[in-house]
Amino acid sequence: MSGGSYGYLYSALDLEDLQTHRGDLEAMAERLASLGYAQDAARETEELLVLFRQWETRAAVRITRLRDLWHAVERWDSNDSGEARVRAALEAYRGDHAGTPPP
């Protein structure tokens, strides 16, 4: 059986699986572009990579904003802290981007 030059990229079943094939996806985009007659497929493959990068950036911003609040809720739910800490964390979260719509 042959194949696997691109880590069996075609067998990625979902976004999480595809994310683990980032390098293979980049190599495939380059390969398609090099064919000269598959520019549309090369562009669409490259667009997937751009979408991954955009999502990672947006997710990182939200994670940073939410991290302390998540921690406070987790501590409260495991009886290590109380509701006051959650309320304080929520106030800080809201103050960090008050009046600013999320990106």
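The apolar share of the surface of the stretch 1-52, taken as the fraction of accessible area on carbon and sulfur atoms (1.4 Å probe, ligands and nucleic acids excluded), comes to 55 percent. Computed from point charges on the beta carbon alone (+1 for Lys and Arg, -1 for Asp and Glu), the dipole magnitude for the chain about its Cα centre is near 380 Debye. Around the amide H of SER81, modelled in the peptide plane, lie the amide H atoms of TRP76, all under 5 Å away and 5 or more residues distant in sequence or on another chain. Across the chain, the mean sequence separation of Cα contacts (distance under 8 Å, 6 or more residues apart), normalised by length, yields a relative contact order of 16 percent. Each helix, a run of at least 4 DSSP H residues, gives -39500 (n - 2.57); summed and divided by the residues of the chain, these come to -23500 deg cm²/dmol at 222 nm. Using only the C-alpha atoms, the convex hull of the stretch 14-92 corresponds to 102 Å³ per residue. Projecting the Cα atoms of TRP76, ALA42, ALA27 onto the dipole axis of the chain, where Lys and Arg carry +1 and Asp and Glu carry -1 at the beta carbon, places TRP76 farthest toward the positive end.
Once the Cβ-Cβ distance of ALA12 and LEU35 is raised to the sixth power relative to R0 = 22 Å, the FRET efficiency obtained is 0.55.
Amide hydrogen proximity for ALA38: with H placed 1.01 Å from N in the peptide plane, no residue at 5 or more positions away or on another chain lies under 5 Å. Extending 7 Å from Cα along the Cβ direction at ARG58 and again at GLU44 yields two label points whose distance is 2.1 nm. Treating r as the C-beta distance of ASP96 and TRP70 and R0 as 22 Å, the FRET efficiency rounds to 0.95.
The values are calculated or read from the model by the stated rules, or taken from the named source; none is laboratory data. Quick caveat: nothing in here was measured; it's all calculated off a predicted structure. So basically every Cβ, Gly included, is an ideal-geometry build from the backbone, and we count neighbours across all protein chains shown. For the accessible areas, the whole protein counts, side chains as well, though only heavy atoms, and no ligand, DNA or RNA atoms are used. Shrake-Rupley method; radii C 1.70, N 1.55, O 1.52, S 1.80 Å.
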